[in-house]
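Note sheet for the following structure.
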C-alpha cells in the first residue's frame, strides 16, 4: 500500500469520526394524547428548523433521534389540533396532550362594518386568503377571486394591458342599472375598481353574497360586496420583506396565418363561385386577373408558385388518372396537361410576427416594512409593475406607495389611516397587432428597392401599419389617491364610537398623436387628440357599536349615519394639421387649420345619505340572529322618491353545539342558516329623472339655426330597483374538519327594473324611463375543503368550488312579452343571442329542397350557401324562424386547487372551468371574401368546383363577393372550457441556513401559468371573448413562466 493511499484512508476515517462527534445523537420517546387522554396515531413529530421527523404509531407512540449537545424543539402537528412546539432540554420521554383546533371556526373574517368569528356568520360569505392570492402571478387582484369563491363569476373579457375582468356575484340582475359589485377597502366603500392595489398588500378578501349580508350597504350592495383587508403593522413585531417576480408571456392561442397559397386558393374559389375562374386547378392567367390591380410585388409572390420556361411561358405537366376522374365531374373538357404549380413556392410574408411581442416580460416588485409597539403600528410598502403587452410597443407601468398607521393615543382614543397613491403610465399602441392581421399574406411591406409600400394591395383603405409604432404616440397617464382615516373612541369596554372619513381622487389623461404618414392618416395631415377627466368621491361615516354578554346572551348593536358624494368632470379636444410633430398634444391651439379644432366637456355630481341599524344576537352559542335596516336617499331621484328602506333578517343554528350531538365524534361542525333581505340600486344617470334637452339644428328661412329641444321627459315617479333574496345554507365539518365546506341555495327576485317604456310620439317623446320588469337568479353554490393526506413530512390539501346559477327575465316593459329589438327574451338570461339556427351548408344533393324553400320564400338558397332550420315547421324560412340560440352565462363554473407539501417544498395547481356558455361574434365565426380585409385563418369551406365527397363535411359557405343573408347563424359558438391556471413549485429554504446570512426567511418559486386549455371553441381564447358580441380581438390570454423570490428580514 503506498503512502498516498494511506493518507487518503486516514483522512476519510478522520472525517467520519469528526462528523460523528459533531452530530452525536440521543433518542427521545413519547406518546401523544387527545383531549380525552386517548392516544392519537399519525401525529407529525419533527425537529424544528430541520428535516428530521417521524409520525406516531397506532398507540400514539413515537421515537426520534435528536442532537445531543444542544437545545432543540420538537413540533407536533395533526389535522384538527393546534400545532404545539416543545423545547427539549434533558428529557428522554414526553407525554404530549393535543388541544382541539376546529380549523376555521374561530377564524375572524371581515363582515360589513366589523369583524366576526366565521362560526358566528349567519349570511352567505366566501373568503379568499392571503396564501390563495399569492399562488399565481396577478397584476389585478380581481383575478384572485376566479374559481376560488363559490357564486362569483370572474371572466377576463380582454387581455389588453391593465384591463379589469368582469365580476358577477350570483348572476346579472339588472338590465340597465349595472351589475358590478361594491368594493370596500379597509371598511371604506370606494368607487370603481380595486385593480390599483398590489396583491402583496392584501391580507384577505371576503365576498358578501346574499341580501342578509349585503343589505347593510343598502343601495350600493345590490350586486354583492367585495371586502378587501390590507396588511397592517403588528405590535411587538418588525418585518421587512422584498418580493420580486419575473414573468415571460406568450399568447395562449393565436391565429395561424394563412400562407400565400392558402389565400390565393380562397381567392380562386371566390372567383369560381361567380364563374370567373375557369379551371379547378391553378392557372397563371386567371391568377393574374385576380391580382392585376394590385402592386406588381403581389403578382411576384403568386408567380413564384409556378415553374417557368426560359421563353417566359409556364411549364406544363401531364395530369394523372385520378386528377382526370375528379376534374371531369366539374368541367367538360379536361386538358391533358396543366401548369406546374408548387403551393409552397408562393411567397408568404409573415405579417403576424411584425405585430406580436413574443416572450413579453413583466416585472413585479414589492418592498414592505411593518411593525409596531403597544401604541403605534405601521405598515409601508412600495410596489412597482412593468408589463409588456402582446403587441409590439404596448407597455404598462405603475408605482404605488402605501402607508397604513394605527396609533393608540390613549386607552380610550385610537386613530389611524390607510393611504395609497398610484401613478400609472400606459402605452396601448395604435392597433398594430390588429392591423397586421388585416394584411394579405401575398403582399409585402417593401418593394424590391426597399421602398415602403403604404398600400401593399393598392387598396386605399388597407394601409401598411408597420411604421405606426415609430410614427404614432398614444399615452395614458393615471394618478389615484385613496385615503381612509378613522378615529375610535371607547366610552366603555362595551360602547365604542368610530368616525370614518375617506376620499378617492382619480385623474386620467390620454394623449394621441397620429403622424401624417401613418396608416390612419395617409395621405392626409397629422391628427391630435387630448382627453382628461377627474373624479372625486368622498364619504363620512359615524358608527356606534355596543357589544355585551349577559350570561348566555350575547348582543351586538351597530348604528350608522353616513353621507357620500361624487363629482366628475371631463374635457376633450382634437385637431388636425399641426406645424411640427414633436409638440404632440401639448400645443393644441397651434393648428394650421383652426376649423378642425373641436372641444367637448361634461360634468355631473351625485350624493347619497344613509342611516343603518344592525343587531346581532347569540344565545348559548347555539342560536344566532342578525337583523338590519338601512334607509338610503339618493340625489338621482326626484325628491318624492329619493328615500327607501332596505331590511334584512337571518338566522343560524349551531346544531353541533346541541347536547344530542356531543358524542358524535365524526362531526366537527354543523350549522344551518337561513336569510332574507332586500337591497336596491339607483342605477340611473345623474339628472336623468329631471328631464333633459338637446341641441337641435334647423333652417330658419334660408339660414341655418341652432336651438334646443326636449330629449328626455321628466320622470318624478321613478324610484329604486329592488332585489329580494332568500338564502338557505349549511356549513359543515367532519373528522375534526378534515373535510369541511358549505352549501348554499338561493333565489334572488329583482323587480321595478329601470327600463325605457314606449309612449305615443304625439307627446314629443318616444320613450319614458319607468320602474317596470322583473328578473330572477337562482342556484346552488358548493365549497369543499379537504385534508387528503397528513403523514410525516407530506401533506396534501384540496379546495373545490362549484357554482350553478340560472338567470332569467320574468317581465319587461310590456309585461311577459319578448323585446326582440333589444334582444331581451322572457325566460332567458339578459345577454342572450337571437338568430337563425345553423344547419350546415347546402349541398348539390339538396337541390330539390333548395328549390322548394326558394319558392315559398325569397331566400336565395343554393349549393354552397348557409342552411338554416325551419324552426316553426311551416315549410317557409323567414324571420319567424329566429330563436334564442344561446347566451354568455355559464350553466356552471368552478375551480379545483391542490396543494402538496413535503418538507420545505410546496407544489400547487389550480384548475378553472366554465361550462355551458357561448360566444356571439361577427368576426372569425363567419368566413367571407366580401370584406377588403384578409381572412386571418383557414376554415373548412365549400369548394365551388369541388366534388360531393369533398364538400360533404364543409362547415363554412363557399367564398363569395355577396354576404350570405343568413350569416348570423354562424356567429354563435359554444365556448365551454377548462384551464389549468397555474402549476407552482416553491421551496422554503430552512431557517437554520438563511439565518447565517441575516435573513429571516427565503422562498423561491417557479410557476407555469395557463399551461393547458381544453375546449371545443375553434378560435382564440374562449374566456377572453366571453363578453364580446362584436369582434374577436387578436390578443389572447397569456401563457408562460414566472420566477419569483420572497425574502424576509
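The values are calculated or read from the model by the stated rules, or taken from the named source; none is laboratory data. Just so it is clear, the structure is predicted and the values come from calculations on it, not from any experiment. Counting neighbours? That spans all protein chains shown, and the Cβs are built from the backbone with ideal geometry, glycine included.
Of the residues making up segment 991-1027, just one is closer than 23 Å to residue 1044 by Cβ, out of contact with any strand residue (DSSP E or B) (no Cβ under 6 Å at 6 or more places or on another chain) and surrounded by 15 or more Cβ atoms within 10 Å (Cβ to Cβ), namely 991.
The numbered conditions (1) touching a strand residue (DSSP E or B) at 6+ places or on another chain (Cβ under 6 Å); (2) outside any strand (DSSP E or B) are all true for residue 378 except (2). Only residues in segment 600-616 that are under 30 Å from residue 651 (Cβ atoms) count as the first member; pair them with residues that are at pLDDT below 95 and outside any strand (DSSP E or B), Cβ under 6 angstrom, at least 6 apart or cross-chain, and list the lot. Listed pairs, sorted by first residue: 610/218; 612/216; 614/216. Counting only residues that are over 30 Å from residue 118 (Cα atoms) and more than 32 Å from the chain's Cα centre (by Cα), give me the strands (runs of 3 or more DSSP E) lying completely in segment 623-724 with at least 1 of them. Once the strands (runs of 3 or more DSSP E) in segment 623-724 are filtered for at least 1 residues that are over 30 Å from residue 118 (Cα atoms) and more than 32 Å from the chain's Cα centre (by Cα), what remains is 623-634, 643-654, 692-700, 703-712.
The rows are residues; the columns are (1) buried (at least 21 other Cβ atoms within 10 Å of the Cβ); (2) out of contact with any helix residue (DSSP H, G or I) (no Cβ under 9 Å at 6 or more places or on another chain).
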| position | (1), (2) |
| --- | --- |
| 859 | no, no |
| 880 | no, yes |
| 889 | yes, yes |
| 894 | yes, yes |
| 915 | no, yes |
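Taking segment 525-564 as the range and being over 30 Å from residue 599 (Cα atoms) and outside any strand (DSSP E or B) as the test, the residues that pass are 551, 552.
The combined condition, being touching a helix residue (DSSP H, G or I) at 6+ places or on another chain (Cβ under 8 Å), outside any strand (DSSP E or B) and surrounded by fewer than 18 Cβ atoms within 10 Å (Cβ to Cβ), is fulfilled by residue 344. For residue 148, the conditions (1) outside any loop (DSSP other than H, G, I, E, B); (2) modelled with pLDDT of 75 or more; (3) buried (at least 17 other Cβ atoms within 10 Å of the Cβ) are fulfilled apart from (1).
Restricting 480, 567, 521, 510 to those that are free of Cβ contacts under 8 Å to residues at least 12 places away in the same chain and either surrounded by 17 or more Cβ atoms within 10 Å (Cβ to Cβ) or in a strand (DSSP E or B) (or both) reduces the list to 521.
Quick one: is residue 903 more than 30 Å from residue 777 (Cβ to Cβ) and under 36 Å from the mean Cα position of the chain (by Cα)? Against the criterion (more than 30 Å from residue 777 (Cβ to Cβ) and under 36 Å from the mean Cα position of the chain (by Cα)), residue 903 qualifies. Candidates are the residues of segment 386-402 that are in a strand (DSSP E or B) and under 28 Å from residue 437 (Cβ atoms); the one that is modelled with the lowest pLDDT is 391. For segment 570-593, filtered to residues that are out of contact with any strand residue (DSSP E or B) (no Cβ under 8 Å at 6 or more places or on another chain) and part of a helix (DSSP H, G or I), the residue that is surrounded by the most Cβ atoms within 10 Å (Cβ to Cβ) is 590. Screening segment 396-419 for residues that are surrounded by 18 or more Cβ atoms within 10 Å (Cβ to Cβ) and within 23 Å of the chain's Cα centre (by Cα) and picking the one that is farthest from residue 230 (Cα to Cα) gives 396. Taking the criterion of being within 18 Å of residue 125 (Cα to Cα) and at pLDDT 90 or above, the residues of segment 154-179 that qualify are 168, 169, 170, 171. Of the set (1) touching a helix residue (DSSP H, G or I) at 6+ places or on another chain (Cβ under 6 Å); (2) surrounded by 16 or more Cβ atoms within 10 Å (Cβ to Cβ); (3) within 30 Å of residue 749 (Cβ to Cβ), all apply to residue 667 but (3).
Look at segment 199-240 and say how many of its residues are over 23 Å from residue 748 (Cβ atoms) and touching a helix residue (DSSP H, G or I) at 6+ places or on another chain (Cβ under 8 Å).
From segment 199-240, those over 23 Å from residue 748 (Cβ atoms) are 199-204, 228-240; that's our starting set.
Cutting the leftovers down to touching a helix residue (DSSP H, G or I) at 6+ places or on another chain (Cβ under 8 Å) gives us 199, 202-204, 228, 230-231.
The total comes to 7.
If the condition is being more than 48 Å from the chain's Cα centre (by Cα) and in a loop (DSSP other than H, G, I, E, B), then segment 282-297 contributes only 283.
Restricting to segment 456-472, name every residue that is within 34 Å of the chain's Cα centre (by Cα) and buried (at least 18 other Cβ atoms within 10 Å of the Cβ).
462, 463, 464, 465, 466, 467, 468, 469, 471, 472
Conditions (1) in a strand (DSSP E or B); (2) more than 30 Å from residue 723 (Cα to Cα); (3) in contact (Cβ under 8 Å) with a residue 24 or more places away in the chain, marked per residue:
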{"position": "207", "(1), (2), (3)": "yes, no, yes"}
{"position": "212", "(1), (2), (3)": "no, no, yes"}
{"position": "215", "(1), (2), (3)": "no, no, yes"}
{"position": "245", "(1), (2), (3)": "yes, yes, yes"}
{"position": "254", "(1), (2), (3)": "no, yes, yes"}
{"position": "261", "(1), (2), (3)": "no, yes, yes"}
{"position": "272", "(1), (2), (3)": "no, yes, yes"}
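Of the residues making up segment 190-208, one or more are more than 27 Å from residue 244 (Cα to Cα) and buried (at least 24 other Cβ atoms within 10 Å of the Cβ). Among the numbered conditions (1) under 32 Å from the mean Cα position of the chain (by Cα); (2) not in a loop (DSSP other than H, G, I, E, B), the only one that residue 737 does not meet is (2). For residues that are farther than 25 Å from residue 919 by Cβ and surrounded by 14 or more Cβ atoms within 10 Å (Cβ to Cβ), scanning just segment 865-876, find the one that is modelled with the lowest pLDDT. Of everything passing the filter in segment 865-876, 876 is modelled with the lowest pLDDT. Taking residue 754 as meeting all but one of (1) farther than 19 Å from residue 121 by Cα; (2) surrounded by fewer than 22 Cβ atoms within 10 Å (Cβ to Cβ), write down the number of the exception. All conditions are met except number (2). All conditions in (1) more than 28 Å from residue 778 (Cβ to Cβ); (2) in contact with a strand residue (DSSP E or B) (Cβ under 8 Å, 6 or more places away or on another chain); (3) crowded, with 21+ Cβ neighbours inside 10 Å hold for residue 725, with the sole exception of (1).
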